[in-house]
Amino acid sequence: MNMYHTDAYRAAFIAYLRKGTPIRLLLKEIGATGQYVWRTQHDERVRTSHRVNDGRIFSWSDPPPSGHPGEDYNCRCEAVPYISGETEFAFHEFSTGLASSTDRWTDTDFVNHYYFGGGRPVDLLEIGHLREIAEQYAWNDGAQGAFRRLADQIADAARRAESGAFSYDFEAVYDFRSVEFSHGDGVVRGVFTGAVDSRGAILQIRGATGFEFSDRFEDPLGLGIETGGTPYAITGSWAATFSAEVFKDAGQSEYSAKGGG
């Protein structure tokens, strides 16, 4: 990261807080770049709309729907001036349509299917939960969202590969009760497939990730016994592209599962 430009942003941000002068105008006055990388604080206080922006490149002349960093009420995000080949970025972009034309299932629908569905498996798209599950996983799981943690993991895998094609497999259990209580814990597994190219101190990473969700609905009354119904599987899938430029040195990087991020 270029420290001159980082210091310039911080000075502009302080001036914005004290005087209300737009950050983009102050940076323009000192000759800073017209683009920036959005950085959040990576904690539970960050609002979802800002987590979506994290790691993406924006122009001061073309703000995202949320506005620029620092402009929303109590926003603690930072705009790191973007310089090609010097500033890190990394983000996933959904490439699968997540919309469903099906009425969304409630807890009652889950229980009814347990008793009367004969064990027939159901798909997230079929029950109207695909978007909510995918977005909960991506941006609202834990302090940062799984997309941010996955970016760290892919960056480390790219460092091990050094150059050329590579892949990275992952699998973990996540709590999806905030989508609907009946989900409880579900497994998300997937594979990133892409390539890494060395550009000086930077690694350029491009590729795509496929995600698969799996869960099993059983014992809806929580009695620890089967109560006359038939357990059934809940599955779903989605995909996303991934773009990143990260430092080769993990110790200097914002993106590393080994302590740099």
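Identify, please: which residue in the range 31-58 is assigned to a loop (DSSP other than H, G, I, E, B) and in contact with a Cys (Cβ under 9 Å, 6 or more places away or on another chain) and is, among those, modelled with the lowest pLDDT? It comes out as GLN41. Screening VAL80 against (1) in a loop (DSSP other than H, G, I, E, B); (2) touching a His at 6+ places or on another chain (Cβ under 8 Å) leaves a single unmet condition, (1).
Annotation for the range 228-244: at least one member residue is out of contact with any helix residue (DSSP H, G or I) (no Cβ under 6 Å at 6 or more places or on another chain) and of a type in the set (Phe, Trp, Tyr). Reported count of residues in the range 200-215, each being among the aromatic types (Phe, Trp, Tyr) and either modelled with pLDDT under 95 or open to solvent by 30 Å² or more (accessible area, probe 1.4 Å) (or both), is 0.
Answer yes if at least one residue in the range 236-244 is modelled with pLDDT of 95 or more and out of contact with any Asp or Glu (no Cβ under 9 Å at 6 or more places or on another chain), and no otherwise. For the range 236-244, residues modelled with pLDDT of 95 or more and out of contact with any Asp or Glu (no Cβ under 9 Å at 6 or more places or on another chain): present. When the range 147-200 is limited to residues that are among the basic types (Lys, Arg) and more than 22 Å from ASP43 (Cα to Cα), the one that is farthest from the chain's Cα centre (by Cα) turns out to be ARG199. Say whether the condition of being among the small types (Gly, Ala, Ser), at pLDDT 95 or above and more than 30 Å from ASP107 (Cα to Cα) is met by at least one residue in the range 175-192. Checked against the condition, which is being among the small types (Gly, Ala, Ser), at pLDDT 95 or above and more than 30 Å from ASP107 (Cα to Cα), the range 175-192 yields no hits at all. The residue that is farthest from TYR174 (Cα to Cα), counting only those in the range 91-140 that are part of a loop (DSSP other than H, G, I, E, B) and open to solvent by less than 30 Å² (accessible area, probe 1.4 Å), is GLY117.
In this structure, THR87 qualifies as in contact with a strand residue (DSSP E or B) (Cβ under 6 Å, 6 or more places away or on another chain), part of a loop (DSSP other than H, G, I, E, B) and at pLDDT 90 or above.
Across the range 37-90, the qualifying residues are those that are surrounded by fewer than 17 Cβ atoms within 10 Å (Cβ to Cβ) and of a type in the set (S, T, N, Q), and the one among them that is farthest from the chain's Cα centre (by Cα) is SER61.
Taking first residues from the range 239-261 that are within 23 Å of THR193 (Cβ to Cβ) and partners that are surrounded by fewer than 17 Cβ atoms within 10 Å (Cβ to Cβ) and modelled with pLDDT under 95, the Cβ contacts under 7 Å between residues at least 6 apart in sequence or on separate chains come to ALA239/THR96; PHE247/ALA201; LYS248/ALA201; ALA250/LYS258. Residues that are under 16 Å from PHE211 (Cα atoms) and aliphatic (A, V, I, L, M) were ranked within the range 141-154; the one that is surrounded by the most Cβ atoms within 10 Å (Cβ to Cβ) is ALA151.
The values are calculated or read from the model by the stated rules, or taken from the named source; none is laboratory data. Nothing here was measured: the structure is a model prediction, and the numbers come from that model. Here the Cβ is made from the backbone with ideal geometry for all residues, glycine too, and neighbour counts use every protein chain on show. Please note that ligands, DNA and RNA were not included when accessible areas were found on the heavy atoms of the full protein model with its side chains. Shrake-Rupley method; radii C 1.70, N 1.55, O 1.52, S 1.80 Å.
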